[in-house]
Each structure stands twice: as structure tokens, then as C-alpha cells.
Amino acid sequence: MQRRKVNNINNIYVEFTPGKDPFEKARQKGSRTWILSHIFHGSNKLFIIIVLFTTILAANLSSITLVVIGNAITDFLIGKQSSLLFYTIIILLLSIGTPILRLVNYMLREVIAQRLERDCRKEFYSNLLGKSQSFHDQQKIGELMARATDDVRTMNFLISPAISLIFESFTSLIIPIFYIIAFYPSQLILTPLIFSILFSFSLKSYIKKIGPVTGKLRSFYGMMNATLNEALTGIEVVKATAQEKRESQKYFENANNYRNAYVEEGDIEAKYLPILILALTITGGLIHAIILNYLGLLNIGQIIGYLGLLALLRFPTFISIFVFAIIRLAISSAQRLLEFMNKKTEIDENIEGYIKEIEGSIKFENVSFRYPGAEKPVLKNISFEVKPSQTLAIVGTTGSGKTTLTKLISRLYDVDQGRILIDNVDIRKYALKSLRNQISYVDQDVFLFSTTIFENISFGRTGSIEQIIEVAKEAQAHEFISNLPNQYYSEVGERGVQLSGGERQRIAIARAFLVNPKILILDDSTSAIDSNTEDKIQRAIRNILINRTTILITHRLSQIRWADLIIVLKKGEIVAKGTHEELLKTSEEYQRIFVKKFDVEIDTLIKKCEEV
């Protein structure tokens with residue numbers, strides 16, 4: 001046995017981490033810090049420096065080009081023809097250099113954007129895998145999918161085009177003003193300076209108004225996606241109950257809310273004042289330049305160069321309409337992602353806990369448990385003990401807590417009171433991966449992945465085709481698999497829809513057999529299997545139970561009779577425990593379950609058991 005120190009750093013619990021998490025601290029400090037930590041992560045810093053440098057240089061070249069054109073026109077008008085060739089070569093070189101710089105700039109900023117999306121997607125997905133079962137119980141799958149796809153995708157747009165264009169817009173606003181100061185009469189600075197001040201105030205007001213709308217957009221999109229996912233997942237129920245109209249109405253209401261949010265955003269953008277301010281600025285600049293020309297302070301070439309520099313202000317004005325909307329949208333998306341990622345999970349993977357091969361003894365000591373948000377406990381003061389290699393059967397009416405009890409063993413949930421011991425060690429002291437790797441769970445509601453039968457059986461543990469065939473034979477699945485067109489490489493469809501309930505259960509049993517666990521939990525795992533196949537599976541299960549602790553949730557006498565211990569649950573409490581024969585004689589609740597199930601007198605049932 002390997003004993004490691006319990007990991008409880010900063011009380012940040014996760015069930016799974018893919019390794020070093022460079023963004024963990026940034027997540028706790030808010031969306032802006034988290035975004036910046038992604039942008040400046042790793043070699044992105046070098047790329048950002050190059051992007052900034054090329055943006056500033058390209059803006060300078062654009063401004064210089066306009067000044068040179070103005071000077072060339074001036075020389076042409078005064079008859080100085082000899083300098084035109086020089087100006088032509090300079091303008092040609094500047095015109096070639098600018099697009100080359102922008103090409104490098106666009107390429108690198110796209111690399112940064114794609115890296116940001118990749119890292120955010122990986123981080124969010126890993127974080128979801130690390131959340132406890134209680135977290136996932138409370139979430140809508142459609143809402144999670146909206147955040148994992150669309151919200152993460154928005155982080156890409158934050159870099160390219162949003163932030164990149166903002167910096168490009170800033171340089172296109174500031175650098176032309178410097179060139180106006182450097183090459184033209186100082187009076188001409190008045191118009192662009194007034195524009196900059198008015199532009200800044202208008203932009204601040206615009207950002208303030210657009211922020212809440214982008215939050216609505218992301219929220220309504222998530223709700224619309226959740227409604228769609230829920231309806232499609234439960235499409236059989238929708239059709240069977242003829243509720244298509246109601247579901248359509250629910251979806252259309254959410255879609256209409258999403259549409260209205262976009263209309264509201266368009267209304268704000270339609271009232272965007274900087275466009276009007278720009279038009280007045282160019283007009284005012286032209287009038288001012290003409291006045292200076294009339295006074296002999298400015299020539300025609302300089303007027304053209306000056307107006308060309310003023311025209312560069314179009315770029316930051318028009319681009320800011322949608323760029324800042326994208327930024328607000330990205331911040332809203334980041335907040336939605338962090339809302340989930342920063343939610344605490346109750347269960348720690350405890351990577352520095354016990355790692356050992358367990359023998360399989362299980363002991364419950366006064367265990368009580370309630371689901372998060374529930375008022376009443378599901379289990380109350382549960383105590384029992386199962387020795388290694390023994391079989392425990394759990395029976396009880398629907399809602400008595402049978403399935404919940406078994407899920408506590410593998411720490412899908414943690415107990416509220418008491419403790420669970422495996423091999424006399426509290427399960428919370430085990431490394432979670434070590435614990436769960438030695439426990440297999442076969443549920444009544446079998447989940448299969450939309451891939452091949454081979455990959456479904458080998459999901460818990462990699463196995464060769466020979467091993468897969470062997471466990472499939474033990475689970476009585478080989479025969480029907482062999483009759484499929486592609487046999488073990490046949491696709492099973494979404495959630496195994498192309499297979500019957502009994503076939504899905506046999507594949508799940510084969511998957512459990514392949515893992516070869518020390519503790520095997522069978523939750524009514526043969527409910528969808530016919531009697532003839534069940535008899536064959538029972539023999540296979542009897543073989544696999546050797547040297548293995550097994551927990552059965554079932555009402556089938558064929559399985560219950562050979563259990564070493566049976567516990568009877570009623571409203572979350574143990575009302576009786578013992579062997580099958582003992583409980584038939586002593587437990588009224590146990591008797592009631594089987595009298596109701598088999599519709600026979602209890603004396604007759606006891607007599608039949610004694611005859612077997």
C-alpha cells in the first residue's frame with residue numbers, strides 16, 4: 001500500500017485535473033484577469049510584441065504615405081517635375097511594405113486567437129470533468145453545451161478581430177494626429193483634437209449601454225439551446241404525448257427573446273454618435289484648411305495630405321461599432337464560463353491519498369445523506385458490513401434509497417454524516433482514481449457512447465479483441481454481436497439506440513467484466529434481459545463473483561437467494577437485514593415485497609425456498 005499526504009491545497013477540490021493548471025489563480029480573480037492570463041500565456045507574449053510593433057509601424061507607413069502624396073502634389077503644382085520619380089518610388093515602397101506588415105500582423109493575431117480558444121476549451125472541458133456528480137445533477141445539458149461551444153468560440157473573436165482592431169484603431173487615431181502636428185500648421189490640430197475628445201465620451205456611453213444587452217444575448221442563447229437539447233433528448237416522450245406544439249412554443253419564446261436582444265443591440269448601434277461626429281470633423285477640417293489656404297498658410301498639396309490623415313479617422317470610428325460589442329460579448333461569455341468553473345465541488349480527487357489494491361470489505365457507519373438543495377435526507381443512519389468476496393443484496397420499494405447508497409461507495413457523492421470504510425480505511429482518504437478504478441457499476445439505465453461495440457466494452461480498460469470477445473461471451477453478448485454486419489466494430493448509435501435494452505445491458509456487463517473490479521455493483525442490471533439469457537448471465541456472474549465483493553440491487557429471487565447478506569431499505573433506513581430465508585420469516589417489509597411481486601402467500605413462498 002502506498003500512503004500519500006492528503007491534498008487539500010487552498011480548499012480547491014476537483015475530482016479530476018489533467019495536470020498543471022496555469023490559469024487556476026486567474027480564475028479566482030475575475031474575467032478580465034483570466035482573459036489576460038490566457039492572452040499572455042507562454043510564447044503568446046512574443047507574438048503580441050510582434051503584433052503591436054507591426055501595427056504601429058503599418059499605421060506610421062499609412063500616415064507617411066499620405067504626407068508624401070501631399071508633398072508630391074505640391075511639387076507637381078509648382079512645376080518641380082524632377083522630384084516626381086523620387087516620390088513615386090517612395091510611395092511604391094510604402095504601399096508594398098504596409099500590406100506585408102499587415103499580413104504578418106493578421107497571421108500572428110490569428111495564431112493567438114486560436115490558441116486562446118483551444119486553451120479555454122480544454123480548460124472548461126477539464127473543469128467540467130472535475131466537477132462532482134451533484135454539480136452535474138443541477139445543470140441543464142443544453143446550457144452546458146452553449147457555454148462549451150459558443151461562449152468558448154467568442155473568446156477567439158475577442159482577439160481576432162476585437163482587441164487587434166482596437167489597438168489598430170487606437171494607432172489609427174493617435175498617429176495621424178502626430179503627423180498633423182509634425183508636418184502642418186499647428187492650428188489644424190484643433191479639429192482632430194475635438195474629435196478625439198467627443199469620440200472618447202461617446203464611446204464610453206456606447207460601451208455602458210451595450211454591456212447589459214450582450215449579457216442578455218448570451219443568457220437567452222443558453223436558454224434556447226437548453227430547451228432544444230431537452231426536447232430532442234426526450235423526443236420519444238414529446239411525440240408519445242403529442243406535445244410538439246407546446247415544445248415548439250417554448251422554443252419560439254426563447255428564440256424570440258434572443259431575437260429581441262439582438263434588435264435592442266441594433267437599436268443602440270443605430271444611435272452611434274461617433275459616425276455623425278466624424279462627418280462633422282471632416283467637414284470642419286476641410287473648412288479650416290480652406291481658410292488657412294486663403295490666408296496663405298496652407299497649399300493645395302498640404303490640404304490633400306491633411307484631409308487624407310483626417311480620413312484615417314474613419315477606421316477607428318466605424319470599427320468601434322461592432323468591435324466593442326464583441327468585447328462586451330466576450331466578457332459576458334468569460335463571466336458565464338467562470339460562473340461554472342469557479343463553482344466549488346464537494347469531492348477532492350486527493351491525488352496524494354492512499355493508493356493500493358483493495359480487498360473489498362465495505363463498512364457503513366451511521367451514514368446519512370441528502371442531495372444538495374433537498375430538504376429531507378435520502379439515507380438515515382445506515383450501518384452494515386460486508387466482508388471481502390461476499391455478496392450483498394439491497395431490496396426495497398421505489399424511492400427507498402437503494403441506488404443512492406451504492407453511489408456513495410465510489411464517492412459520486414460524499415456522505416453528510418458518518419463514514420464509509422473500505423478495508424477499514426475511510427474512502428475519503430483514498431486517491432479517487434485508485435478507488436474508482438477498482439469499482440465497477442452496471443446501472444439499469446445503461447449508457448453507451450455513440451461509437452463501436454469494441455470501444456464501448458473497452459471504455460473502462462483497454463483490451464485486445466480476444467479479451468473483448470471473451471468477456472462478451474461471459475456476458476452472453478457474443479452471439480448477437482456476431483450477427484451484426486461489422487460485429488464488434490458495429491456502431492451502436494446515439495446512447496446505443498440501435499440496440500435493444502437487453503443488448504445494451506449485456507454490453508455494460510461485459511464492460512464491467514473486462515475491468516475485473518474488486519467491488520462490483522449491479523443495479524437491476526438484468527431487468528431488460530429475457531429469462532433464458534438471464535440464466536446464462538447468472539452463471540457468468542457467479543463465476544466473476546469469486547474473490548470479488550458484489551452489491552446487487554434486485555428483486556429477482558434467482559439473484560437474492562445466494563447473497564451472503566440482504567438489507568431491506570424503507571424510506572432511507574434499514575428496517576431489516578439477514579439472509580433470504582431469515583428475512584422471509586422475520587421481516588414484514590421483506591415479506592410484503594415478495595408477496596406483492598409473486599402474488600403468492602408467504603407460507604407458500606417460504607416452502608418453495610426451502611425446497612430449492
ask   = For K356 and F40, what is the calculated FRET efficiency with R₀ set at 41 Å and r taken between the beta-carbons, to the nearest 0.05?
value = 0.45
ask   = Could you give the angle, 0 to 90 degrees to the nearest 10, between helix 501-515's Cα long axis and the longest principal axis of the Cα atoms of the chain?
value = 90
ask   = By how many degrees, 0 to 90 and rounded to 10, does the Cα axis of helix 588-598 deviate from the longest principal axis of the chain?
value = 90
ask   = What relative contact order, as a whole-number percentage, does the chain give when Cα pairs under 8 Å and 6 or more residues apart are counted?
value = 16
note = To the nearest 20 debye, the range 24-341 has a Cα-centred charge dipole, built from +1 on Lys and Arg Cβ and -1 on Asp and Glu Cβ, of 460
query = Where q = 0.09, 0.10 Å⁻¹, what log10 of I(q)/I(0) comes from the Debye formula for the chain, counting one point per Cα?
reply = -0.88, -1.00
key: Charge dipole magnitude, Cβ of K and R +1, D and E -1 - the chain, Cα centre, debye nearest 20   = 1500
ask   = Where a Cα-Cα gap under 29 Å defines reach, which lysines qualify for K245, not counting those fewer than 8 residues away within the same chain?
value = K140, K216
key: Approximate spin-label separation K433-V575, in nm, with each point projected 7 Å along Cα-to-Cβ   = 4.4
request  = Starting from the Cα of L52, step 7 Å along the direction of its Cβ; do the same at Q28; then give the gap between the two resulting points in nm.
outcome  = 2.8
task = Of the DSSP beta bridges with both residues in the chain, give the percent that are antiparallel, rounding to the nearest 5.
result = 50
ask   = How much length is gained if the chain between D21 and R259 is pulled fully straight, taking 0.36 nm per residue apart and subtracting their Cα-Cα distance, in nm to one decimal?
value = 81.9 nm
key: Peptide ranges 227-240, 272-285, 464-477, 319-332 listed from the most packed, as the mean C-beta count within 10 angstrom indicates   = 319-332, 464-477, 272-285, 227-240
request  = Using label points projected 7 Å from each Cα along Cα→Cβ, tell me how many nm separate I197 and T397, to one decimal.
outcome  = 8.1
note = So for the range 24-341, using the alpha carbon gyration tensor with a ≥ b ≥ c as root eigenvalues (a/c under 1.5 gives rounded; past that, a/b versus b/c decides prolate or oblate), I'd call it prolate
Value in Å of the Kirkwood radius, where the range 178-272 supplies the Cα pairs that are averaged = 17.2
Förster radius 60 Å - calculated FRET efficiency between K122 and E582 (Cβ-Cβ, nearest 0.05) = 0.65
query = Among K344/K380; K363/K473; K239/K380; K29/K250; K20/K380; K429/K473, which pairs are too far apart, with a Cα-Cα distance over 30 Å?
reply = K363/K473; K239/K380; K29/K250; K20/K380; K429/K473
Cα Rg, Dmax, the range 426-493, angstrom units = 14.4, 48
task = Report the one residue of A242, F53, F23 whose Cα lies farthest in the direction of the positive end of the charge dipole of the chain (charges on C-beta: Lys and Arg +1, Asp and Glu -1; origin at the Cα centre).
result = F53
inquiry  = Quick check: Cα centre of the range 69-128 to Cα centre of the range 447-524, how many Å?
reply    = 58
query = Between F318 and D150, what length comes free when the chain is fully extended (0.36 nm per residue of separation minus the Cα-Cα distance, one decimal in nm)?
reply = 57.9 nm
inquiry  = Given R₀ = 25 Å, what would the calculated FRET efficiency be for Y106 paired with Q335, taking r from the Cβ atoms and rounding to 0.05?
reply    = 0.30
task = Work out the length of the dipole vector of the range 347-462 about its Cα centre, built from +1 on the beta-carbon of each Lys and Arg and -1 on the beta-carbon of each Asp and Glu, and round it to the nearest 20 debye.
result = 200
query = If you count, for each residue, the other Cβ atoms within 10 Å and average over each peptide, how do 30-39, 452-461 line up from highest to lowest?
reply = 452-461, 30-39
key: Length added when fully stretched, T283-L190, from 0.36 nm per residue minus Cα-Cα   = 32.2 nm
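Readers should treat all values here as calculations from the given coordinates under stated rules, not as data from a laboratory. Keep in mind that what you see is a predicted model, and the values were worked out from it rather than measured. No Cβ is skipped: glycine too gets one built from the backbone with ideal geometry, and neighbour counts run over all protein chains shown.
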